[in-house]
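The values are calculated or read from the model by the stated rules, or taken from the named source; none is laboratory data. None of these values were measured; they are calculated from a predicted model. Cβ coordinates were reconstructed from backbone atoms using ideal geometry, including for glycine residues, and neighbour counts include every protein chain displayed. Please note that ligands, DNA and RNA were not included when accessible areas were found on the heavy atoms of the full protein model with its side chains. Shrake-Rupley method; radii C 1.70, N 1.55, O 1.52, S 1.80 Å.
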Amino acid sequence: MVRAATDREKLDVLSDIYARINSSYADVTGLLTQILDSATSLTEGEASSLMLVNPENNKLYFEIALGPKGPSVKQYSVNMGEGIAGWVAEKNTSLIVNDVQNDQRFYPDISRKIGFPTSSILAVPMRVKDQMVGVIEIINKRGGKKFTEEDLQWLEMFSTQAAIAVQNARSYQKVRNELSALQDKVQEGEGWHPFVFESKVIRDRLEIARKVAETESSVLLLGESGVGKELFAEQIHLSSPRKSGAFVRVNCAAIPEALLESELFGHVKGAFTDAIADRRGRFELADGGTLFLDEIADMALPLQAKLLRVLQSKTFERIGASEPVTVNVRIIAATNRNLEKAVADGQFRSDLFYRLNVLPIQIPPLRERREDIPPLADYFLRKHCRETKKQITGFTDDALAVLLSYGWPGNVRELENAVERAVVFARDDHIRPEALALAPGSAVTDGEYAERTLREALNIFKKHFITKALEANGWHQTRTAKALDIQRSYLSKLVKELGIMKERGV
């Protein structure tokens, strides 16, 4: 038989929670989970939930749900005035119902759908300056006992702490968003994109890029569309002796072939019908700095020849002019195509390829660096919340599971689009799977991520991902490490830490 907690023990728990509230605002989910878990234990409940109201649609959403059916409960929402929790929210009044079957306010649908019989409910509002922001609900007192007025008084104390935690977290998030907005504004005002990452593979590539930046050689950035090649080009420029010079961008695929030559090299008045004045091209604008040529593989062959001459001699002529122009420009080129194949097919000049391919850097797709997904998603969430003036604090566990398991064929660009769309469609202060509108792309199920911390969720994904890679390479670690583009020693360390070989019996 479980002994009921004494008043002294309950006060000690409240004191511990109060100390946590005043020491950290960042991990509000962990703090609210602790509050709810303590409240459930001290009132001897079998299950519990903490719901927050969304002021935009006046619905209650399950922020935290504890008990055997906790993960299942979180997919539902409650209308204001609907059920016991809805009544408590609407009336902003606490309630004890020890016989729910004979109470007209009880709404049995959720209980029936998740298969968790409900006999008694203790529910109290969470208030911030008398304004109701949510509801805490305790389900079924253990041993078939009834909830008491004393249980209600203690739960109201816990709900006060929970409300303070929510208020602090929202204030913290608001300040954080404003600070982040100022930082991003400074960076973007100077023409630079924030570089957000967490993975070791990107850290390693960035270190290579910074070493490459010290040289004057051309750089070729390779990778799928949307992986962040332009951001790497920016980092190379900012880490180079040319950082005080101009960084000029040209998307070779976005400019019609007939206009690209003029864009790059400029023209003189009268060179062609629309040339009503002299114009400097991008090469002249980048003199003393860096010229970033994105989608270089889309450049026409005749223009490739002229580009090669500039790389060799550092001189060119404007269209319609005969006098040479001398420039001191560093070239960073990028493409999502296989240039070696393009050379073999006669679509790209081999001499230009060898000239550009002095220092190649391959940028891996997002699906191969999933540690970057949570921080990128958080950055895009804050960015688009500022633009839409929405107050969304984060992603639910199931939404994070979808983000981690999706294949991301469009890489970081697709991730931003998905988060932007989710912000528009979000119904409360968290992004949920249905708002993302993505189909999970791996065998990992949402349930495996339920009630997990971010680190635990990432480790689950790593385990599945590495196991698949090992299976595909016959459990040969050297071949697997090469396929994953990591050191064999690092793979062995991951295999040991994640317990992969143990399950195989090796």
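What FRET efficiency comes out for Ser244 versus Asp345 if R0 is 35 angstrom and r is the Cβ-Cβ distance? Round to the nearest 0.05. Please report the intermediate quantities before stating the final value.
On the way: r = 41 Å, r/R0 = 1.16.
Efficiency, rounded to the nearest 0.05: 0.30.
Accessible area of the range 66-110 with a 1.4 Å probe: how many percent of it is carbon plus sulfur?
Of all accessible area on the range 66-110, carbon and sulfur atoms account for 41 percent.
Figure the gain on full extension for Asp204 and Tyr490 (residue separation times 0.36 nm, minus the Cα-Cα span) and round it to one decimal in nm.
101.6 nm
Hey, what's the range 268-342 come to in accessible area per residue, 1.4 Å probe, Å²?
49
Could you check the spin-label model distance between Glu216 and Asp378? Points 7 Å from the Cα along Cα→Cβ, value in nm.
Spacing of the two 7 Å Cα→Cβ label points: 4.3 nm.
Per residue, what accessible area does the range 47-162 have, given a 1.4 Å probe and all protein chains present, in Å²? Spell out each step's value before the answer.
Details: 5230 Å² over 116 residues.
Per-residue value: 45 Å².
Can you give me the % of accessible surface on the range 262-420 that is carbon or sulfur? Probe 1.4 Å, all protein chains present, nothing else counted.
Solvent-exposed carbon and sulfur of the range 262-420 make up 46 percent of the total.
Is the shape of the range 38-169 best called rounded, prolate or oblate, per the rule: a/c under 1.5 gives rounded, else a/b larger than b/c gives prolate, else oblate, with a ≥ b ≥ c the square roots of the Cα gyration tensor eigenvalues? List each step's numbers first, then the result.
On the way: a/c = 1.44, a/b = 1.18, b/c = 1.22.
Rounded, because the longest to shortest axis ratio a/c is under 1.5.
Might you tell me the accessible area per residue for the range 193-255, computed with a 1.4 Å probe and given in Å²?
I get 43 Å² per residue for the range 193-255.
Based on the mean of other Cβ atoms within 10 Å per residue, sort peptides 294-306, 75-87 so the most packed one is first.
Order by mean packing, descending: 75-87, 294-306.
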